[in-house]
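K.L.:
To start, I am sharing the structure in question, which I have written as structure tokens.
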Amino acid sequence: MNFLENYFKLGEHGTNVRTEVLAGITTFLTMAYIIFVNPSILGDAGMPKDAVFVATCVAAAVGTIIMGLYANFPIGLAPGMGLNAYFAYGVVAGMGFPWQAALGAVFISGCCFMIVSLLRIREKIMNAIPPSLRIAIPAGVGLFLALISLKNAGIVVSSPATFVTMGDLHKPAPVLAIVGFLVIVALDRLRVTGALLIGIMAVTVLSFFFGGNQFHGIVSAPPSISPTALELDIVGAMSHGLFNVVMVFFLVELFDATGTLMGVAQRAGLMKDGKIPAAMNKALLADSGAIIAGSLMGTSSTTAYIESAAGVQAGGRTGLTAVTVAVLFLAALFIAPLAGVVPAYATAPALFFVACLMLRELAEINWAETTESIPAVVTALVMPFTYSIANGLALGFISYAGLKLLTGKYKEVSAMIWCVAGVFLFKTIYIAG
């Protein structure tokens, strides 16, 4: 215990081993869906699902343990949703590239990502973000979490007429999710330790009685990773002219992960005077290395997960939370049947509760100054409505710079923000077109 206290500086962060482990379990449970979703998506690209399952667990564990031991941050990493869909349906199915070449493109983007992090360009970008957008990022992440959680609970479903609509509240999933949400809020208000985890487990138990959930055992041997390990085709990625693909991977990885890290760090109280702490650069390097490691093992881009906010809300403040998450991902290789017993609607209440709390950040915006408040609102709203943190950041930066220019306040915009806005504008017009 003394070793953990000294290494992770638990006392300095006002936490303890029990709280950190509970937070890690909470984060893992909210992220565990990727273990099963990622193989399904990449399987549509022709990749062996069993090998992708192992690659997903190992990549998540490697990236997260680096985040915990090296950066001492309570952030979980795993193959990113959205990026895996772009990999499978955009690059492989849509453009006709082999999945090996697509993995090569992920590797190249990860190397670019690492260079940008080593040169501390990402750190400079994060410090240059104006206060209004910095406030909007965690709020936007919260709205994004809210949409994900409501979708997972079956409370919000797709509609051809209105895009989204109310789901069938007579089904067990949304009813149990609502019950779980009320339990979590009540327990948190009563200051019960592990409120989120208790809520998740309560809904999981109820799912056996009312949701048709079934127990499929505890232990199973992991399949081989050899069909995907080191199968990336870097030469093929370069020769196939995948410049646009690499650029999309790189930009989404850069700003999606940056937005997630800032949002979760701010929620955890790790931001100092609106600036990122010195340890953040280590966190940036950790998620950069995770992309490279993931591509070598055979999975799409690994990135920081916004679900880490659930662990932060449960009290996670140090890398011990991340190490716990990493250990559980490795354990999931052998306990896949047990990990799969937690339904998505059981973790949805925890995510929705965290989303509600993250929206409090919007109160800090200077609403009287529209050149500040409007870009902040654009940033926050675009994230959930386009299902992308990166898109929210893109339109937020572009609208911020554009409004400052049109109102003669261009001197308030730093050179770094002009550059970022220009890159986003280029991506929006050229790459998306």
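K.L.:
Within the chain, what's the longest stretch lacking GluC sites (Glu not before Pro) that sit in DSSP loops with no more than 15 other Cβ atoms inside 10 Å?
P.N.:
On the way: sites that count: Glu12, Glu369.
Longest gap between qualifying sites, sites excluded: 13-368.
K.L.:
So what's the range 78-215 giving for Rg/Rh, alpha carbon basis, Kirkwood Rh from the mean inverse pair distance? Can you show the working numbers first?
P.N.:
Numbers: Rg = 20.7 Å, Rh = 19.2 Å.
Dividing the radius of gyration by the Kirkwood radius yields 1.08.
K.L.:
With the Cα gyration tensor of the range 322-433 giving a ≥ b ≥ c as the square roots of its eigenvalues, does the rule (a/c under 1.5 for rounded; else a/b larger than b/c for prolate; else oblate) give rounded, prolate or oblate? Working shown, then result.
P.N.:
Values: a/c = 2.97, a/b = 2.04, b/c = 1.46.
Judged from the Cα gyration tensor, the range 322-433 comes out prolate (a/c at least 1.5, a/b above b/c).
K.L.:
Hey, another quick one. Among the lysines, which have Cα under 24 Å from the Cα of Lys427 when same-chain residues fewer than 8 positions away are ignored?
P.N.:
Lys427 reaches Lys124, Lys404.
K.L.:
Shape of the range 319-361 from its Cα gyration tensor (a ≥ b ≥ c, root eigenvalues): rounded if a/c is under 1.5, otherwise prolate when a/b > b/c, or oblate? Display every interim value, and only then the final one.
P.N.:
Working: a/c = 5.89, a/b = 1.56, b/c = 3.78.
Because a/c hits 1.5 or more and a/b fails to exceed b/c, the range 319-361 counts as oblate.
K.L.:
I would also like to ask the following. Dimensions of the range 84-134 along principal axes (Cα, Å, largest first)?
P.N.:
42, 25, 12
K.L.:
May I pose another question? For the chain, what is the accessible area per residue in Å², given a 1.4 Å probe and the full set of protein chains?
P.N.:
On the way: 17430 Å² over 433 residues.
Dividing the accessible area of the chain by its residue count gives 40 Å².
K.L.:
Using θ = phi - 60° and the Karplus form 6.51 cos²θ - 1.76 cosθ + 1.60, what ³J(HN,Hα) does each residue of the range 324-331 get, whole Hz, x for Gly and Pro?
P.N.:
Taking θ as phi minus 60°, the curve returns 4, 4, 4, 4, 5, 5, 5, 5 Hz for the range 324-331.
K.L.:
Checking the cross-link filter: which aspartates and glutamates have an alpha carbon closer than 16 Å to that of Lys49, excluding same-chain neighbours under 8 positions apart?
P.N.:
In chain and number order, the partners are Glu231.
K.L.:
Same structure, new question: In whole Hz, what ³J(HN,Hα) sequence does the range 376-387 give by Karplus (6.51, -1.76, 1.60; θ = phi - 60°), x for Gly and Pro?
P.N.:
Karplus values, whole Hz, x for Gly and Pro: 5, 5, 4, 4, 5, 7, 5, 4, x, 6, 10, 6.
K.L.:
Largest first and in whole Å, what are the equivalent-ellipsoid semi-axes of the range 17-64 based on the Cα gyration tensor, each being the root of 5 times an eigenvalue?
P.N.:
On the way: eigenvalues 138, 21, 7 Å².
Output for the range 17-64: semi-axes of 26, 10, 6 Å.
K.L.:
Applying the Karplus parametrisation 6.51 cos²θ - 1.76 cosθ + 1.60 with θ = phi - 60° to the phi angles of the range 113-123, what ³J(HN,Hα) value in whole Hz is obtained for each residue in order, glycine and proline being reported as x?
P.N.:
Here the 3J(HN,Hα) series is 4, 5, 4, 4, 6, 4, 7, 6, 5, 4, 4 Hz.
K.L.:
Counting only protein heavy atoms and a 1.4 Å probe, tell me what percentage of the chain's accessible area is made up of carbon and sulfur. Write out the running numbers ahead of the final one.
P.N.:
Numbers: 11880 of 17430 Å².
Whole-percent figure for carbon plus sulfur exposure: 68.
K.L.:
Assuming a ≥ b ≥ c are the square roots of the Cα gyration tensor eigenvalues, decide whether the chain counts as rounded (a/c under 1.5), prolate (otherwise, with a/b larger than b/c) or oblate.
P.N.:
Working: a/c = 1.35, a/b = 1.12, b/c = 1.20.
Because its axes are fairly even, with a/c under 1.5, the chain counts as rounded.
K.L.:
Cα to Cα, under 18 Å, and not fewer than 8 places away if on the same chain: which lysines meet these conditions relative to Lys9?
P.N.:
Once the sequence-local lysines are set aside, what remains near Lys9 is Lys272, Lys282.
The values are calculated or read from the model by the stated rules, or taken from the named source; none is laboratory data. The structure displayed is predicted, hence computed values, not measured ones. A quick note on method: Cβ atoms are made from the backbone with ideal geometry, for glycine too, and the neighbour counts reach across all protein chains shown. Surface areas here come from the heavy atoms of the whole protein model, side chains and all, with no ligands, DNA or RNA. Shrake-Rupley method; radii C 1.70, N 1.55, O 1.52, S 1.80 Å.
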